[in-house]
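Here is the structure we will look at.
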């Protein structure tokens, strides 16, 4: 359990540091790989793809509830095998990383902008969340397949 907690805290720290860096660097836009990806500072008061923009209280309460559910799930279903905990670790770290922004700033700092497609600007916490959900879907897919 301690390794899982250290991973969660480390991922949150990485996310928060990256947001702090982009916010204080003075960079509003920087092409990392022209035509592929850029850093672009953005304040997102909504959720994924800026949905429910300008409803911070509802989103903060909803996010808090969802993260609490995952924390309870994680505690009740914790495994001694780290890879089995990875989906919950990633989801909790990503959720808490964005929730910290919502509580302290009223918005989430986004800055990763893939320019090769028309897509949302996102941050590391969003990456953690998406990877965790993807792994969770894979895990349940494999478990459902093995039961049949």
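Based on DSSP H segments of at least four residues, each scored -39500 (n - 2.57), the chain has a per-residue ellipticity at 222 nm of -22000 deg cm²/dmol. Sequence-distant contacts, meaning Cα pairs under 8 Å at least 6 residues apart, place the relative contact order of the chain at 30 percent. Shape class for region 1-60: oblate, because the ratio a/c of the largest to smallest gyration tensor axis (alpha-carbon atoms, square roots of eigenvalues) is 1.5 or more and b/c is at least a/b.
Efficiency by 1/(1 + (r/R0)^6): what FRET value for residue 65 and residue 131, r their Cβ-Cβ distance, R0 = 22 Å, to the nearest 0.05? So, using R0 = 22 Å, E works out to roughly 0.50. In this rough spin-label picture, where each label sits 7 Å from Cα along the Cβ direction, the residue 21-residue 82 distance is 2.2 nm. Label region 74-148 by shape, choosing from rounded, prolate and oblate, from the square roots a ≥ b ≥ c of the eigenvalues of the Cα gyration tensor; if a/c is under 1.5 it is rounded, and otherwise prolate applies when a/b is larger than b/c, oblate when it is not. Oblate. Model label points for residue 43 and residue 58, set 7 angstrom from Cα along the Cα-to-Cβ axis, are 2.1 nm apart. Mind pulling the angle between the C-alpha long axis of helix 82-105 and the longest principal axis of the chain? Nearest 10 degrees, somewhere in 0 to 90. Compared with the principal axis, the helix lies near 40 degrees.
Does region 2-147 come out rounded, prolate or oblate, given a ≥ b ≥ c as the square roots of the eigenvalues of its C-alpha gyration tensor, rounded meaning a/c under 1.5 and, failing that, prolate meaning a/b above b/c? Taking the square roots of the gyration eigenvalues as a ≥ b ≥ c, region 2-147 is prolate.
A short reminder: the numbers here are calculations on the coordinates, not readings from a lab. Note that the structure is predicted; figures quoted are calculated from it, not measured. All Cβ positions, even for glycine, are placed from backbone atoms using ideal geometry, and neighbour counts span all protein chains on display.
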